[in-house]
Amino acid sequence: MSEVQGFLDRLSERAAARGAEPTWIAARRQAGAARFEALGFPDRKVEAWKYTDVRGIARGDFALAESADFSPASAAALTLPIAAHRLSFVDGVFAPALSDLGELSAGVSVERLSQALAANHEAVGGALGRLAGVDFSPFTALNTAFAEEGAVIRLAPGAVVERPIVLQFLSSAGATPRMSHPRVLVTAGARSQATLIEHQVGEEGAANFSNLVSEVLLERGAILTHYKLQELPQTDHHIASLHVDQARDSRFTSFNLNLGGALARNDIVSDLNGQGAEANFFGLFFGQGRQLLDTHTLVNHNAPLTFSNENYKGILDDRARGIFNGKVIVKRDSQKIEAHQNNANLLLSDRAEIDTKPELEIYADDVKCSHGATTGQLDEEAVFALRARGIDEATARGLLTLAFAGEVMEQVAIDAVAERVELAVAGKLPERFNLAGLVEAAVALHEE
Amino acid sequence: MLEVKDLHVTVEGKHILKGLNLTVAAGQVHAIMGPNGAGKSTLSAVIAGKEGYEVTQGSITFDGQDVLEMEIEERARKGLLLGFQYPVEIPGVKNIYLLKAALNAKREAEGLGEIPAPEFMKLIKEKIAFMKMDASFLQRAVNEGFSGGEKKRNEILQMLVLQPKLALLDEIDSGLDIDAMKVVADGVNSLRAADRAILMVTHYQRLLDHITPDVVHVLVDGRIVKSGDAELAKELEARGYDWVLEESAA
């Protein structure tokens, strides 16, 4: 109880310091706070948090950051080296010096949440919190109570954003641990297209708590590719939920790439509400040390002729622990849907652990569904075969580990993202680009 | 080049090699024949450094260096290469990458830099054509979905690219039809050189119709009990192994 009280105290301090807000925002904050107070932090008796101990967060004494202090040199080293429309936040506070939205094409609006709230857009008021209600989890409630900063992305019908939009969330190694509750809202009009990257990264030694909530509304035929690249230091705590509402013929593709954090929990929920809507969930988690990486996904096939495809790979070394829970619910009249799900895990050490649970709830009778989960170790015969060709053991193991992740990584279209992940997974491994060149050369040879 | 002295090896507590002696000089092709369970595959596994084989006595030296002290990869880089009886499938690792990584590992050990891409592609193109393999094999995962014959060709392709000093071929003829046998044999024969040696382990004489050995050894119950020239293999084919056993027991 006292753990909850500490957070409520921070909330009242913050409310007192904050100026007047539109009543709808104030009302939602109150609802969030009340819900959080009622629920408290989840303990392990709560099914959805059975394997995930959040005491490290509950017992923490996290302050809200007042300013965005981050060394430009270390920020530059951490930033994804791609041409993008970029907003950066340090411990949740907007960092103008590290942001560059560049030029946005017609019909595209990218604002900070604080700007959107101040402007009190009707569209934002109507959408914010619609998908991520305060009942979803205590952390969503807490985010709703605190959220002041983040991003609001609005795409007019037909708008196409060529470059990715990057939301960079930096975690700093300050004297006292900090918390942040960023909130992201995307409303994508009919047939609009964009790529959004949420990038969590931090300084060595950062021990903060970030609690992100993202809501994505896709109108008819809209296409959004969402990347989450989470490479926080292994002392950070991160909770995130991503809620997607998909209208007819819309397509949502998620890459959920989790490499960092002492504890990282991701919830992804997609509601397929119109015929032809398609959700693709690709994920890779790679845990070392004593990391705990938890993913919960949920796809609701609420309409007939909807499609979902999910492929998650987990790699766990040392004493790391992974959790994968993938649920698919097919409503009674959702005929002719297709839902496929796969989770494969690789344990690199005897003390690593994975808990994987695919769940299918099907209430329609004309459906095509599959799911599978496997867990194994590196093939020692293959390690020997590579070493017997002169490849050193670390490279051989790295190569095979990367090969395991291959099915997911092959789908990643942004090289800079793939490279970060490959380096993390394979350690000293191959230069991706040389490798790509090699394959092209082989193709050319083949076509001669 | 290769010197095996009084080699005793146990596998899971079972005494398999019982004092094996073997000397292979540069420029020679040796064949080791013997009945099932004689220890043929154990010998190649121990030379290559596979785990699970305990050397309780004896030594193996390669160019005067103690092989048993070397890491698996070090043996390969020094030019001691094993062609597998059952090449393993490695999903997700492209054939071309294995070739490049292996070649560069060897070059690095020799103090050479990475091979430039055009030079590498030229080399690969030449070798893959020699092995009558389609270039599409380069992009496929190592041995994944390959037929038995394709796997063996792939082993020899690796040999041609890596140019070992000592090629150790474990039952390279098993699972080959006659056409594949000829291609594989051509590949092996092309490796014959004055500064190189080839050591083949085989159960059947038919491989030796295509690759003529300089020396044939008969391995029985963990020891080489008889050595001779190519004629010995033919005699074994005709008469089986029993007479050798009787002769050695006498």
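The values are calculated or read from the model by the stated rules, or taken from the named source; none is laboratory data. Keep in mind the model is a prediction, meaning the values are calculated, not measured. Virtual Cβ from ideal backbone geometry, glycine too; neighbours counted across all protein chains shown. For the accessible areas, the whole protein counts, side chains as well, though only heavy atoms, and no ligand, DNA or RNA atoms are used. Shrake-Rupley method; radii C 1.70, N 1.55, O 1.52, S 1.80 Å.
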statement: Within segment B:182-215, restricting to residues that are outside any loop (DSSP other than H, G, I, E, B) and basic (Lys, Arg), the one that is most open to solvent (accessible area, probe 1.4 Å) is B:Lys182
task: Output the qualifying pairs, or none if there are none: Cβ atoms under 6 angstrom, residues six or more apart or on different chains, first residue in segment B:69-86 and facing chain A (nearest Cβ under 9 Å), second residue part of a loop (DSSP other than H, G, I, E, B) and open to solvent by 20 Å² or more (accessible area, probe 1.4 Å).
output: B:Glu73/A:Asp392
statement: From the option list A:Ser210, A:Ser214, single residue qualifying as assigned to a strand (DSSP E or B), open to solvent by 10 Å² or more (accessible area, probe 1.4 Å) and under 18 Å from A:Asn143 (Cα atoms) is A:Ser210
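When you look at B:Pro91, is it in contact with an Asp or Glu (Cβ under 8 Å, 6 or more places away or on another chain), over 30 Å from B:Val24 (Cα atoms) and open to solvent by 60 Å² or more (accessible area, probe 1.4 Å), yes or no? Break it down stepwise before answering.
Details: in contact with an Asp or Glu (Cβ under 8 Å, 6 or more places away or on another chain): yes; over 30 Å from B:Val24 (Cα atoms): yes; open to solvent by 60 Å² or more (accessible area, probe 1.4 Å): yes.
For B:Pro91, the condition - in contact with an Asp or Glu (Cβ under 8 Å, 6 or more places away or on another chain), over 30 Å from B:Val24 (Cα atoms) and open to solvent by 60 Å² or more (accessible area, probe 1.4 Å) - is met.
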- request: Report the residue count in segment B:138-153 for those that are within 14 Å of chain A (Cβ to nearest Cβ) and open to solvent by 20 Å² or more (accessible area, probe 1.4 Å).
  value: 4
- prompt: Which ones in segment A:377-420 are within 20 Å of A:Ile354 (Cα to Cα), at the interface with another protein chain (Cβ under 7 Å from one of its Cβ atoms) and among the small types (Gly, Ala, Ser)?
  reply: A:Ala403, A:Gly406
statement: Scanning segment A:35-65 for residues that are open to solvent by 60 Å² or more (accessible area, probe 1.4 Å) and not in a loop (DSSP other than H, G, I, E, B), the one nearest to A:Leu263 (Cα to Cα) turns out to be A:Arg55
- line: Within segment A:364-376, the residues that are open to solvent by 30 Å² or more (accessible area, probe 1.4 Å) and either within 7 Å of chain B (Cβ to nearest Cβ) or in a loop (DSSP other than H, G, I, E, B) (or both) are A:Asp365, A:Asp366
query: Of the residues that make up segment B:64-86, is at least one more than 27 Å from B:Val24 (Cα to Cα) and either open to solvent by less than 10 Å² (accessible area, probe 1.4 Å) or among the β-branched types (Val, Ile, Thr) (or both)?
result: no
task: Please determine, by comparing only the residues of segment A:350-363 that are open to solvent by 30 Å² or more (accessible area, probe 1.4 Å) and not in a strand (DSSP E or B), which one is nearest to the other protein chains (Cβ to nearest Cβ).
output: A:Asp350
